[in-house]
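See structure below.
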Amino acid sequence: MGSKKKVAKEKPLDKMTAKELRELAKEIPDISGAHGMNKPELISAVKKARGIVEAPVKKTDSSVRELKTKIKDLKAKREEALESDNVKMSMIYRRRISKLKKKSRK
């Protein structure tokens with residue numbers, strides 16, 4: 001009979017909690033100060049120690065432009081809602097505008 005060992009697959013680094021990442025970082029001798037790191041720092045340190053190359057995420061100007069056009073459209077809709085005394089919809093539009101503004105700043 002064949003003996004098959006079940007190899008436990010490791011979770012992806014992005015799905016691990018900070019606590020799990022710290023435990024993993026303790027086992028790697030190249031990483032020091034793991035307890036003072038937050039999750040993104042731990043992920044990048046583990047990837048660097050394992051030789052995994054991180055591709056930098058580039059933000060394109062076109063996406064920011066698209067966000068700003070969406071914001072303008074939502075502002076117009078909000079003004080219409082305020083004129084028609086629809087307070088609930090104006091609040092919804094205000095929150096959406098706020099979220100898009102935060103995305104455009106990142």
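The values are calculated or read from the model by the stated rules, or taken from the named source; none is laboratory data. Remember, it's a predicted structure, so these values are computed and weren't measured experimentally. Positions of Cβ are generated from backbone atoms using ideal geometry, with glycine treated the same way; all protein chains shown enter the neighbour counts.
Side notes on the structure shown:
- Residue in the stretch 50-78 that is nearest to Leu21 (Cα to Cα), counting only those that are modelled with pLDDT under 90 and over 21 Å from the mean Cα position of the chain (by Cα): Arg50
- Where a residue in the stretch 90-106 is within 19 Å of Arg65 (Cα to Cα) and its partner, wherever it lies, is among the aromatic types (Phe, Trp, Tyr) and surrounded by 12 or more Cβ atoms within 10 Å (Cβ to Cβ), with Cβ under 6 Å and at least six apart: none
- For the criterion of being exposed (fewer than 11 other Cβ atoms within 10 Å of the Cβ) and in contact (Cβ under 8 Å) with a residue 12 or more places away in the chain, Asp85 fails.
- Residues that are assigned to a helix (DSSP H, G or I) and surrounded by 11 or more Cβ atoms within 10 Å (Cβ to Cβ) within the stretch 41-62 comprise Glu41, Leu42, Ile43, Ser44, Ala45, Val46, Lys47, Lys48, Ala49, Arg50, listed in sequence order.
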